[in-house]
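Undergrad: Please find one structure pasted underneath; my questions will follow.
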Amino acid sequence: MRLSRYFMPTLREAPADAQIVSHQLMLRAGLIRQEAAGIYAWLPLGLRVLKKIEQIVREEMDRAGAIEVLLPTLQLADLWRESGRYDDYGDEMLRIKDRHDRDLLYGPTAEEVITEIFRAFVKSYKDLPKNLYNIQWKFRDERRPRFGVMRGREFLMKDAYSFDIDEAAARRSYNRMFLAYLNIYARLGLKAIPVKADPGPIGGDLSHEFIILADTGESEVFAHGDLVEMGAPGPDIDWDGDLEPLVAQRSRLYAASDEMHDPARFEAEVPEGKRMTARGIEVGHIFYFGEKYSKPMRALVTGPDGQDHPIHGGSYGVGVSRLVAGVIEASHDDAGIIWPDAVAPFGVAVVNLRPGAAEVDAVAEQAYAALTELGKEPLLDDRDERPGAKFASLDLVGIPWQLIVGPKGVADGLVELKRRGTGERQTLPLDAALKVISA
Ligand code: 5CA
């Protein structure tokens, strides 16, 4: 992409009502634009990051055996009347009438829709387990949308739904998601801790939230310090094998969010030096709720005994759009965002310090072509701007590498390479710079 033709509307200052650093930086770097309270347009740079996060979530869900579908944003109220949640859900649900005076709603989640699909097609335990997931916009008419996309009204969620014949099988599905979630956050460069959580309006008796630590987070967590360091299991575990030991290793250490916190247990179970109390951002939430939806909605399968059984369900959410802000909270400095390579909107900025000077243009174009060839998704800064302004905006938008091409270097056959995260700079021939970036 050539910056002179791109759309990257950066701002010198963030609007005064942006209170936390990720919201400020998302506005300043031109990632989003607020269209209404809690409703945002995703501008080109923000959309690229959102898509990268979405793709990482997709790959890890696929790896864990889940199957992607795309559910509608608008749902029939009648489905929610079947489950009994239509009246319970309250003012957070955006209710709509169509021209036939039929009640619709903008889905805040999709347990009912997926249960309806499941019951239409799956009739036997032999077709289980199944896990279907959906990456789709949700709407919750939050009383206090705030902190930008962190707590929006419209937001992108990955929601997965598992179907099993009994509780033991459902726990295996739950375990797969538990571990897949840790892998997702690790690929995003985030340290996430699973904490016991209150299932809330989703229902059920087993639930974990995944929290990344950040001072500005809305959740308070109490946890054994070792949990933070334990990390993700990695992609190469046997997804069809017994995952219980890997899950138990993590869930037996004390970790709870404020509503589930038990100070006496915390003190009894966690040695003083290991007691961690921190604020964090909830970036995922998983639930096992058994027959909560399958019973009232009659999602039944024939078991090995020849009888009909309501399936045992779980649901598993990742806040995809919230994660864009979460990554920024975890990775920024005074100059702006520092994208981890895995989600950066562009891999490298090729900074042409003297657009119009033939030799400089030639080297910049050569670098741009080579990086494109290498799949590094370069952004060529060919704007007619002062170097200082270029560096300030590229630091702000957080591209991981800057490959700087100027008249002095070109005369000596050299370019400069800067790593955004560390500020480290080196001067070297273009070929060598390309090798460093590829390594
Ligand atoms: N049905 C279940 C799982 S699919 C569910 O809806 N879970 S949830 O309510 O916990 O939402 C899942 C994730 O979506 C949360 O962990 C959070 O990361 C994200 N999320 C929830 N509400 C918002 C919001 N208002 N803005 C941005 N992200 C949100």
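Undergrad: What residue, of A342, A349, A392, is modelled with pLDDT of 95 or more, closer than 27 Å to S4 by Cβ, in a helix (DSSP H, G or I) and more than 16 Å from the ligand (Cβ to nearest atom)?
TA: It is A392.
Undergrad: Identify all residues within the stretch 146-160 that are of a type outside the set (K, R), within 7 Å of the ligand (Cβ to nearest atom) and either out of contact with any helix residue (DSSP H, G or I) (no Cβ under 7 Å at 6 or more places or on another chain) or not in a loop (DSSP other than H, G, I, E, B) (or both); write none if there are none.
TA: Result: V149, M150, F155, M157, D159, A160.
Undergrad: Could you tell me whether any residue of the stretch 114-124 is in a strand (DSSP E or B) and either on the phi > 0 side of the Ramachandran plot or within 13 Å of the ligand (Cβ to nearest atom) (or both)? Break it down into steps so the answer makes sense when it comes.
TA: In the first step, residues of the stretch 114-124 are kept if they are in a strand (DSSP E or B); the result is 124.
Going one step further and asking which of them are either on the phi > 0 side of the Ramachandran plot or within 13 Å of the ligand (Cβ to nearest atom) (or both), we end up with none.
Among the residues of the stretch 114-124, not one is in a strand (DSSP E or B) and either on the phi > 0 side of the Ramachandran plot or within 13 Å of the ligand (Cβ to nearest atom) (or both), which makes the answer no.
Undergrad: State whether the residues of the stretch 193-202 include one that is in a strand (DSSP E or B), touching a residue at least 24 places away in the same chain (Cβ under 8 Å) and more than 16 Å from the ligand (Cβ to nearest atom). Working first, answer last.
TA: Step one: of the stretch 193-202, the residues in a strand (DSSP E or B) are 193-196.
Now narrow it down to the ones that are touching a residue at least 24 places away in the same chain (Cβ under 8 Å): 193-196.
Those left that are additionally more than 16 Å from the ligand (Cβ to nearest atom): none.
No, the stretch 193-202 has no match at all.
Undergrad: I'm told F163 meets every condition in (1) crowded, with 23+ Cβ neighbours inside 10 Å; (2) closer than 28 Å to T277 by Cβ; (3) within 16 Å of the ligand (Cβ to nearest atom) except one. Can you identify the failing condition by its number?
TA: So F163 meets the others, but not (2).
Undergrad: Also, I was wondering about something else. For I404, which of the numbered conditions (1) part of a helix (DSSP H, G or I); (2) without any contact (Cβ under 8 Å) to a residue 60 or more places away in the chain; (3) within 23 Å of R28 (Cβ to Cβ) fails to hold?
TA: Unmet for I404, out of (1) part of a helix (DSSP H, G or I); (2) without any contact (Cβ under 8 Å) to a residue 60 or more places away in the chain; (3) within 23 Å of R28 (Cβ to Cβ): (1).
Undergrad: Now a separate question. What's the total number of residues in the stretch 97-113 that are more than 16 Å from the ligand (Cβ to nearest atom) and not in a loop (DSSP other than H, G, I, E, B)? Lay out the reasoning, then the answer.
TA: Start the filter on the stretch 97-113 by keeping residues that are more than 16 Å from the ligand (Cβ to nearest atom), which leaves 97-104.
Narrowing the set further to residues that are not in a loop (DSSP other than H, G, I, E, B) leaves 97, 103-104.
Qualifying residue count for the region: 3.
Undergrad: Just the residues that are loosely packed, with under 15 Cβ neighbours inside 10 Å and under 22 Å from V343 (Cα atoms), please, taken from the stretch 375-387.
TA: G375
Undergrad: Right, next: Checking I281 against (1) within 16 Å of the ligand (Cβ to nearest atom); (2) without any contact (Cβ under 8 Å) to a residue 40 or more places away in the chain, only one condition comes out false. Which one?
TA: (2) is the only condition that I281 fails.
Undergrad: Just one of the numbered conditions (1) in a strand (DSSP E or B); (2) crowded, with 20+ Cβ neighbours inside 10 Å; (3) away from the ligand (no atom under 16 Å from the Cβ) is not true of I286; which one?
TA: Failed condition: (3).
For every residue, the table says whether it meets (1) among the charged types (D, E, K, R); (2) without any contact (Cβ under 8 Å) to a residue 60 or more places away in the chain; (3) not in a strand (DSSP E or B).
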residue: Y133; (1), (2), (3): no, no, no
residue: E142; (1), (2), (3): yes, no, yes
residue: Y174; (1), (2), (3): no, no, yes
residue: A180; (1), (2), (3): no, no, yes
residue: I184; (1), (2), (3): no, no, yes
residue: E209; (1), (2), (3): yes, no, no
residue: L227; (1), (2), (3): no, yes, yes
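Undergrad: Working carefully through the options G231, G200, G225, find the one that is in contact with a helix residue (DSSP H, G or I) (Cβ under 7 Å, 6 or more places away or on another chain) and on the phi > 0 side of the Ramachandran plot.
TA: Numbers: G200 fails: in contact with a helix residue (DSSP H, G or I) (Cβ under 7 Å, 6 or more places away or on another chain); G225 fails: on the phi > 0 side of the Ramachandran plot.
Of the residues listed, the single one that is in contact with a helix residue (DSSP H, G or I) (Cβ under 7 Å, 6 or more places away or on another chain) and on the phi > 0 side of the Ramachandran plot is G231.
Undergrad: Is it fair to say H312 is within 16 Å of the ligand (Cβ to nearest atom) and at pLDDT 95 or above?
TA: It is true that H312 is within 16 Å of the ligand (Cβ to nearest atom) and at pLDDT 95 or above.
Undergrad: Hey, another quick one. Restricting the search to the stretch 257-276, which residues are part of a loop (DSSP other than H, G, I, E, B) and not aliphatic (A, V, I, L, M)? Spell out the reasoning first.
TA: Residues of the stretch 257-276 that are part of a loop (DSSP other than H, G, I, E, B), as a first pass: 261-262, 270-271.
Answer for the stretch 257-276, where residues must be part of a loop (DSSP other than H, G, I, E, B) and not aliphatic (A, V, I, L, M): H261, D262, P271.
The values are calculated or read from the model by the stated rules, or taken from the named source; none is laboratory data. The structure displayed is predicted, hence computed values, not measured ones. Glycine gets a Cβ as well: all are built from the backbone with ideal geometry, and neighbour counts include every protein chain shown.
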